[in-house]
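Written out below as structure tokens is the structure these notes cover.
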Amino acid sequence: MSFSDLIVPLIFAGVLIYGVCVKTDVFAEFTEGVKDGLRTVYDVFPSLFCLVITVGVFRASGGAELITSVLSPVLGAVGFPPECGELMLLRPLSGSGSIALFERILTDFGPDSFPGRVASVILGSSETTFYTLSVYFAAVSARKTRYALAAALIGDLTCAAVSAAAVNILL
């Protein structure tokens, strides 16, 4: 058993000991935290459910593959590997879906290939935009998101473009 195996139990024990030392009802605070967490889940769940269903339908219908095949000539012309096009489209929508695509790219082309390296940079430097926005805005009951989605999608597009350029420069 290593120290890293003991970190979580030690933190848990430390919080309990601290709570007892400052005369706090640790159990009551814990249950109140659970109630708050369940309220957050209740508020966020409808958005997440819709997002998961939409992404599933988009992937199952072949929409991502169709868009990627249409964009492939343009992507290749600007120096972006067309093999990473579907990853670029799916990353803002689904973390697990993009990880599955990433794994497929690494299996098909190898981790040291141009598409493998670009996919690695995209996955490591981008965010699941729609998931993040839906969770955050649902948690605070925001109705007007202003420019958040547009700014995040521009960030995702910039990430894809810069990833290919960075890999080209550093190869």
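Could you grab the relative contact order for the stretch 50-170? Cα pairs under 8 Å, six or more apart, rounded to a whole percent. Here the relative contact order equals 25 percent. For the stretch 1-124, a simple Cβ point-charge model (Lys and Arg +1, Asp and Glu -1, everything else neutral) yields a dipole of about 140 debye relative to the Cα centre. Principal-axis analysis of the Cα atoms of the chain puts helix 95-109 at an angle of about 40° to the longest axis. In the chain, helical runs assigned H by DSSP with n ≥ 4 each contribute -39500 (n - 2.57); averaged across all residues and rounded to the nearest 500, the mean residue ellipticity at 222 nm is -26500 deg cm²/dmol. Here the label points at A60 and K23, each 7 Å from Cα along the C-beta direction, are separated by 5.9 nm in the simple model. Along the axis of the charge dipole computed for the stretch 50-170 (Cβ charges of +1 for Lys and Arg, -1 for Asp and Glu, origin at the Cα centre), the listed residues S96, T128, A77 are led at the positive end by T128.
Under the rule of at least 5 residues apart or a separate chain, name every residue whose amide H is placed under 5 Å from the amide H of F80. Correct list: empty. The angle between the Cα long axis of helix 114-125 and the longest principal axis of the Cα atoms of the chain comes to about 30 degrees, rounded to the nearest 10. Against the longest alpha carbon principal axis of the chain, how many degrees, from 0 to 90 and to the nearest 10, is the axis of helix 148-170 turned? It works out to around 60 degrees.
GNM, the chain, Cα, under 10 Å: largest mean-square fluctuation among F80, F27, F12? Maximum fluctuation in the GNM of the chain, among the listed residues, is at F12. For the options I53, I17, I105, a Gaussian network treatment of the chain with springs between C-alpha atoms closer than 10 Å singles out I17 as fluctuating the most.
Bear in mind that the values in this text are calculations on the coordinates, not laboratory data. Everything quoted here is computed from the prediction, not taken from an experiment. A quick note on method: Cβ atoms are made from the backbone with ideal geometry, for glycine too, and the neighbour counts reach across all protein chains shown.
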